[in-house]
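To start, the structure itself, in C-alpha cells.
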Amino acid sequence: MKIVLRVANLMVRTALLVIVAFVTFRRPWPTAWHDLVITVVIAAVAASTVQLVLWAPADLPTPVRLRYAFLLPYALAAVTVTCSMAAATPVGGEFEIQAVLAALIAASDTSLAAGLSVVGLGILACEVMGLLGAPAVDTLEHPAILIVAWTVGRTLLAHQVQAEQSAALLAKADQLREEQAKVAEERAKVAALDERARIAREIHDVLAHSLGALGLQIQAAQAVLTTQHDEARAVELLAQARRLATDGLSETRRAVHALHGETRPLQDGLAKLSTEHQRRHGGRVTFEVSGEPRPLPPDAGLALTRTAQEALVNTAKHAPHQPVDIRLDYADAHTSLAVTNRLDKDAPGDHGPELATVNGGYGLAGMRERLLLAGGTLSAGRNGSDWAVVARIPG
C-alpha cells in the first residue's frame, strides 16, 4: 500500500511539473530581463526534474535510500531557490507551486536544520528578485507561503512520527498480551501437573497405609492358621482385616475431602489413629498434645497425619506389641510430631531397608519428601532402645 501511494505521489508531482513548464513556455517572453527570465525558468525546470529523479530512490528502502538520501536536501534547496526566482518573473508564477512542494518535502522528509535552510534560501532568492525589480507583493507573499508550507510539513511529520510510535506501541502491547497468554497457559499447565502430583501422592500415601496394615493382618491370620491352627483367632484377624479395608475406603474419602481443603483438626485425627493402632495390635499407645492447638494449612496437617500413619505401620511391623508414645507440640513458630516406640531385641537397627513399609512403598522417605514440599523436616532413628520419628513443620 505504501509503495502504491509513493508511486502515485511521484506521478502527481511529475504531472504538475510538466503542466507548469508547458504553461510557462507557451507564454510570450518579456523583453525586459529576457535572458535572465529564460535562464531562471530553465534552471527551475532542470532543478525540479533532478529533484524528482533523486526523490524517487531516496524514498525507497535501504540500501538505495542510504545511497541517495543525502542528496535530497541539496536538490530541494536548488528547487526552492530557482522556483522562487522563477515565480517572481512575469511568466513563471506557476513555479510557486514547485517551490511550495519543495518546502513541504524539506520540512517532512529532512532534518529540522536542513528544512529551515531550504526555506531560508527560497526566501532569500525571492528577496534578491525583489531587489532586481520584482513586484513588492511577490517578495512579501511568497516568503509567507513558504513558511506556511514548512509549518504544514513539520506538522505532517509530527503526526507521522506519532502514528508510527502508536503502531509500535500497539504491536508491543499485542506481543506482551501474547506472551502473557503463553505464561498464563504454562502456569495453568504447571498448576495442573502440581495438582495431579498432589492427588497421586495423597492417594499413594492413603493406600500405602491401608494396604500395609491390611497386609500385616492377613500375614498374622496366615501365621495363626499355619502354625497354631487357631481358626477362631484367624477369623478374628480376618474380621479386623475387613474392618481395615472399610476404614481404608473411609480414609480415601477423607483424603479427597482434604484435597478440597476440608480437613478435620489434626489432634482429632491423631487421637483416632492412636486408638485404632492400640485396638488392632494390642500395644499401649499414649497420645499427648502440648501448646495451644491451632489450625494448620491442609498440606501441613496431611503431612503430619501421614507421617504418624507411616510410623505406626513400621511399629506394627517391627515391634507390634511394644508401647508407642505420640506427642503433638504446638510451639510458637512451628508444629512438631514425635512418634516413639520400644524396639524388640531382634528388630533391625534401621527399621528395614530405606525405611520401606510392608507394601514396598517409599515409607518414611516419602514422608520426608512430603514434609520438605510443605517446608518441614523429618528425622528417624534409634534413641537408645527406642525408635523415634520426629516431624517438624512451620505454622
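The values are calculated or read from the model by the stated rules, or taken from the named source; none is laboratory data. In this text the structure is predicted, and so the values were computed from the model without any measurement. Glycine also receives a Cβ, built like all others from the backbone with ideal geometry; neighbour counts cover every protein chain displayed.
Structure summary
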quantity: Hits in segment 240-269 (condition: closer than 19 Å to PRO293 by Cβ, among the aliphatic types (A, V, I, L, M) and modelled with pLDDT under 70); calculated: ALA258
quantity: Qualifying position, being surrounded by 10 or more Cβ atoms within 10 Å (Cβ to Cβ), of a type in the set (Val, Ile, Thr), touching a Gly at 6+ places or on another chain (Cβ under 8 Å) and part of a helix (DSSP H, G or I), among THR139, THR151; calculated: THR139
quantity: Every pair of residues 6+ apart whose Cβ atoms lie under 8 Å, when the first sits in segment 373-391 and is modelled with pLDDT under 85 while the second is part of a loop (DSSP other than H, G, I, E, B) and surrounded by fewer than 16 Cβ atoms within 10 Å (Cβ to Cβ); calculated: ALA374/PRO297
quantity: Contacts under 8 angstrom Cβ, first residue in segment 151-171 being closer than 13 Å to GLY115 by Cα and not assigned by TED's automatic domain parsing to the domain that holds LEU101, partner of a type in the set (S, T, N, Q) and part of a helix (DSSP H, G or I), 6 or more apart; calculated: GLY153/SER108; ARG154/SER108; LEU157/SER108
quantity: Filter pass, GLN175 being under 30 Å from ALA316 (Cβ atoms), surrounded by fewer than 17 Cβ atoms within 10 Å (Cβ to Cβ) and modelled with pLDDT of 75 or more; calculated: no
quantity: Among the candidates GLY115, GLY122, residue that is within 21 Å of VAL20 (Cβ to Cβ) and under 57 Å from the mean Cα position of the chain (by Cα); calculated: GLY122
quantity: Residues that are surrounded by 15 or more Cβ atoms within 10 Å (Cβ to Cβ) and under 38 Å from the mean Cα position of the chain (by Cα), drawn from segment 288-306; calculated: LEU296, PRO297, PRO298, ASP299, ALA300, GLY301, LEU302, ALA303, LEU304, THR305, ARG306
quantity: Identity of the residue in segment 307-331, in a helix (DSSP H, G or I) and polar (S, T, N, Q), that ends up nearest to the chain's Cα centre (by Cα); calculated: THR307
quantity: Matching residues in segment 76-131 - criterion: being in a helix (DSSP H, G or I) and hydroxyl-bearing (Ser, Thr, Tyr); calculated: THR80, THR82, SER84, SER108, SER117
